[in-house]
1. Would you mind telling me which numbered condition in (1) more than 16 Å from the ligand (Cβ to nearest atom); (2) assigned by TED's automatic domain parsing to the domain that holds Asp241; (3) assigned to a helix (DSSP H, G or I) Leu184 fails?
2. So which of Glu109, Glu102, Glu139 ends up being of a type in the set (D, E, K, R) and in contact with a Lys or Arg (Cβ under 9 Å, 6 or more places away or on another chain)?
3. Find the residue count for segment 111-142, including only residues that are part of a helix (DSSP H, G or I) and closer than 14 Å to Phe70 by Cα.
4. Which is out of contact with any His (no Cβ under 7 Å at 6 or more places or on another chain), assigned to a loop (DSSP other than H, G, I, E, B) and within 16 Å of the ligand (Cβ to nearest atom), of Pro192, Pro145, Pro173, Pro155?
5. Is it the case that Arg224 is in contact with a Cys (Cβ under 9 Å, 6 or more places away or on another chain) and either within 21 Å of Ile175 (Cβ to Cβ) or more than 9 Å from the ligand (Cβ to nearest atom) (or both)?
6. Quick test for you: out of Ala229, Ala202, pick the one residue that is outside any helix (DSSP H, G or I) and either within 16 Å of the ligand (Cβ to nearest atom) or not hydroxyl-bearing (Ser, Thr, Tyr) (or both).
7. Given the conditions (1) more than 21 Å from the chain's Cα centre (by Cα); (2) assigned to a helix (DSSP H, G or I); (3) without any contact (Cβ under 8 Å) to a residue 40 or more places away in the chain, which single one is not true for Arg262?
8. In segment 44-89, which residues are of a type in the set (Gly, Ala, Ser), in a helix (DSSP H, G or I) and within 15 Å of the chain's Cα centre (by Cα)?
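The values are calculated or read from the model by the stated rules, or taken from the named source; none is laboratory data. Just so we're clear, the structure is a prediction, and the values are computed from it rather than from any experiment. Positions of Cβ are backbone-derived with ideal geometry, glycine not excepted, and every protein chain shown enters the neighbour counts.
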Amino acid sequence: MTQAKSSAKSKSPRQTAKRKQAGKTTPSVDNPGKVLKRSRYSKAETFAIFQRFHADNPEPEGELDYVNAFTLLVAVVLSAQATDVGVNRATKNLFEIADTPEKMLALGEDRVREEIRTIGLYKNKAKNVVLLSEQLLREHGGEVPENREALEELPGVGRKTANVVLNIYFGHPTIAVDTHLFRLGNRIGIAPGKTPLDVEKAMEKAVPAEYSLHAHHWLILHGRYICKARKPECRRCVIYDLCKSREKEKFDAIPEIAVRTRALIEKDKIA
Ligand code: SF4
C-alpha cells in the first residue's frame with residue numbers, strides 16, 4: 001500500500017516538472033539515464049549539424065590560457081572540476097614564473113599549491129603537476145609527448161586530458177568527452193553512450209572527417225553556453241531546426257540565429 005502510494009506520487013506531473021527543473025532528467029556523466037541504441041541522425045543530418053556549427057564559428061578556440069604544450073597540459077590537468085576562468089586566474093602568475101617542467105619542479109609542491117589554492121582539489125593537483133614535470137624530464141627530455149598512451153602515463157592525466165592536448169596543441173582530430181559532450185551526445189542523440197568512452201567512440205564515428213578537428217570545441221562551447229545542463233537555451237541555438245532532442249523547446253518560428261546561419265550556408269553553396 002505504502003509502496004503503491006509512493007510510486008503513484010513519484011509519477012505526479014508536479015514532481016516530474018520539479019525533477020526537470022532540477023536538471024534530474026538531464027544525462028550527466030554519473031547518470032546517463034536511458035541511453036539510445038544509436039544516433040537519431042542520418043549521415044546527411046549529422047553533416048548539416050556540423051556545417052551549421054562551422055558556418056556560425058569557423059575557427060572555434062578553447063578558453064584555457066597557455067603559452068606552450070607544457071602549460072596547456074598543466075592547465076588541462078588543473079581544469080578538472082574547475083572553470084576555465086578560475087584556472088586562468090590561478091595560472092596567470094604560475095605560468096609567468098614556471099612555464100617549463102624544470103622551472104615547475106624547481107618551484108616545488110608547496111609553492112605550486114599556494115599559487116593554485118583558489119582551484120578545487122588544489123592539493124592533489126599541485127602534487128600531480130610537480131610529479132608530471134619530474135616524469136616529463138626523466139622520460140621525455142622535458143617535452144610533452146605527442147602520444148596518447150605516453151600522456152596517460154603522466155600523473156593526473158587521463159584519457160580526456162590527453163585528448164584535449166592532442167587536439168589543441170598537436171592538431172589531432174581527437175574528441176575529449178567532458179560533462180558537456182557527454183550530455184550533448186545523449187540529449188541531442190547524436191552520439192549516445194553509457195560512458196564517456198562510449199560517447200567518444202560514437203562521436204568519432206558520427207563526426208564527418210572535414211569537421212573532426214574542431215568538433216570537440218564546437219560541442220564544448222555549445223554545451224557550455226547554449227545547450228546547458230539545467231535548461232537548454234533553444235532560442236539561441238544555431239541547430240534548432242535540426243535538433244531532435246525531446247528537451248527542445250517548442251516555438252512558433254525557428255530562432256533567428258538558426259535561420260541566419262542556414263541562409264549563410266545556402267548562399268555559400270550558390271556562390
Ligand atoms: S534546440 Fe535546444 S535542445 Fe536542441 S541542441 Fe539546441 S539548445 Fe540543445
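1. (1)
2. Residue meeting the stated conditions: Glu109.
3. Residues meeting the conditions: 11.
4. Being out of contact with any His (no Cβ under 7 Å at 6 or more places or on another chain), assigned to a loop (DSSP other than H, G, I, E, B) and within 16 Å of the ligand (Cβ to nearest atom) holds for just one of Pro192, Pro145, Pro173, Pro155, which is Pro192.
5. no
6. Ala229
7. With (1) more than 21 Å from the chain's Cα centre (by Cα); (2) assigned to a helix (DSSP H, G or I); (3) without any contact (Cβ under 8 Å) to a residue 40 or more places away in the chain applied to Arg262, the lone miss is (3).
8. Across segment 44-89, the qualifying residue is only Ala75.
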